[in-house]
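Worksheet: the structure to be examined is printed underneath.
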Amino acid sequence: MCSVKKPVSCEDLSAASSVRSLDDSYEIFESDCSDFYDVDCDDKRRKSNKHINATYLSSPNADHGVRSDMDRLETTPLLSTLHSTAYGNLPTNERTGPTSSVIMSSYKRFEKAAKPERKQQSSLVTIFSVWNTIMGSSLLTMAWGVERAGLPVALVLVAFMAALCLYTAYVLLRVNCHHGTATCEVPALCRVLLGRSAEVVAHAFSLIVLLGANIVYWILITNFLYFTVNYFADLPNSNTTVHNTTLLCPSEDGLNGSLIIPEPVATSPYWNLHSTVPVYVAVIVFPLLNFKNVTFFTKFNSLGTLSVAYLVVFVLTKGYTWGIHLNNMVISTQVDKNAAVLSGMLALSFYIHNIIITIMSNNARQDKNGRDLTIAFVLVTLTYTLVGAVFYICFPLAKSCIEDNILNNFEMHDVMTAVARILLLFQVVTVYPLVAFMLRSEAILLLLFEPTRCLTVTINTIIVTMCILVACFCPSIGTIIRYTGAVSGLIHIFTLPSLLQMRSLYIRGKLTWWKTLFYCLIVVFGAVNLLMQFFIDE
């Protein structure tokens, strides 16, 4: 538990980053919602409080002492609900001229009853929430990352990145414990400890994460829609028995091992994966982006857990069917520059830092936050390792054939693959409006625009246009994930937690030279991770 006195409170400075308005009902990858929701609510509270205050002070029985005390009470967001309740319960003979002490005592007496309690959850639910939030589309690319880094290096790198991301996430919890509140998030802490510019940087790089997520989801929707439609269109002519044993190596031609790579089927110019289908996706998705209330889509949250569970079963089943194939695997303990592909991906795969305070603040056992967070990260690490390593070890073709979307290695008529694509298609379509809402809300908050219907449609149009262009000309989700992870990881995972911790230690008089060196090395690692992304052999 935290007992250190907070020198500054961030409760009134900034809303919690992007997940605030949907936090109680939805958690996802990268999942945040919008600061704007809280800003809007605060504006409404201030207007309501101002009206109540003006009405009360206009009374001839209100003395100057009460005015000053009520002015002070106006700074608390609970006044709009507590003032009338507390004052209505004062003794009759005091209503004509209540003293400031009576006002304050009545306020405190009714504060607990009137304040809406935060939803508390057990440690088990908290662990599951963190695990469910972290797990995302990176699961489809993990085997590809293992192939690029090499199995031994990949196993070490996954464990190292998991430990480092866990530590920096826990650092944010400790900093918030000393200088924040349960409603704070990283941008608010940045404003309190590092200044307004740091808050802007935090919001700006949240935009990058959300933009990357929007693009990746759009490419996945395009892919799943294309192959799902083809599956049902060609179902009467397919030989399921043959197709279920066929693997593809789209990156190479000719024969590979004992499996023949089928020739690509000619497609219609009106139904092309990298030209027309991304546009068709806009016809489906764009109307969903303009819903006034996106909380409807949170009802499908369980699909995320179901999809992850199915992918794990999918990989284990295929691995058992194939058996272990080490003949095409090159064992190397040397760290190649291509290992940065995996480290960049993992920076996004373990990314939860901009909403970790919100999630952990709902834990009923606040003294066990460190333990619960560690267990959640261990489970995530095991899941990534299981999917990536098992698929890599058991894959019967040359390991270089592994795609950045493992489903692309299977013939479209493979039944388990078709089920996976259908399930993931429905899940991603229901998730995308939420992610787009988060991106739009962050943009409005950062640019200080007044939200209007026209502005909403304009921003949605820009988002959709960018997603279509990337899906047509650069449809590689592995490349997008590693660049997004390296850029956002440098700021949100490595730099901001380190700077916030150093500032906190300095304020508390506990900053030493070796601690400064340690946190500076974390920042340097994030910078090197980003720099190495530009030297990868594609």
Q | Whole-Hz couplings from phi, Karplus 6.51/-1.76/1.60, listed for the stretch 285-296; x for Gly and Pro | A | 8, 4, x, 5, 6, 9, 5, 5, 10, 7, 5, 4
Q: Give me the accessible area of Glu450, 1.4 Å probe, in Å² rounded to the nearest 10.
A: 150
Q. Once phi is turned into ³J(HN,Hα) by the Karplus curve 6.51 cos²θ - 1.76 cosθ + 1.60 with θ = phi - 60°, what whole-Hz value does each residue of the stretch 495-500 show in order, with x for glycine and proline?
A. 7, 4, x, 5, 5, 5
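With a 1.4 Å probe and all protein chains kept in place, how do Cys454, Cys190 rank by accessible area, largest first? Intermediate values should be presented prior to the final figure.
Working: Cys454 95, Cys190 0 Å².
Accessible-area ranking of Cys454, Cys190, largest first: Cys454, Cys190.
Starting from the residue with the highest accessible area, list Ile406, Ile284 in decreasing order, probe 1.4 Å.
Working: Ile406 5, Ile284 85 Å².
My answer, sorted largest first, is Ile284, Ile406.
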Q. Alpha carbon centre of the stretch 357-436 versus the stretch 484-538: separation in Å?
A. 26
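Can you sort Leu124, Leu423 by solvent-accessible area, 1.4 Å probe, largest first?
Values: Leu124 135, Leu423 35 Å².
Output order, biggest surface exposure first: Leu124, Leu423.
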Q. Accessible surface of Asp234 in the full protein assembly, 1.4 angstrom probe, to the nearest 10 Å²?
A. 50
**Q.** Heavy atoms of Ile393: accessible area, 1.4 Å probe, square angstrom to 10
**A.** 40
Q.
Past 31 Å, Cα to Cα: identify those pairs from Lys368/Lys515; Lys337/Lys368; Lys368/Lys510, in the order given.
A. Lys337/Lys368
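The values are calculated or read from the model by the stated rules, or taken from the named source; none is laboratory data. Here the structure is a predicted model, which means the values were calculated and not measured. Calculation scope for accessible area: heavy atoms of the full protein, side chains included, ligands and nucleic acids excluded. Shrake-Rupley method; radii C 1.70, N 1.55, O 1.52, S 1.80 Å.
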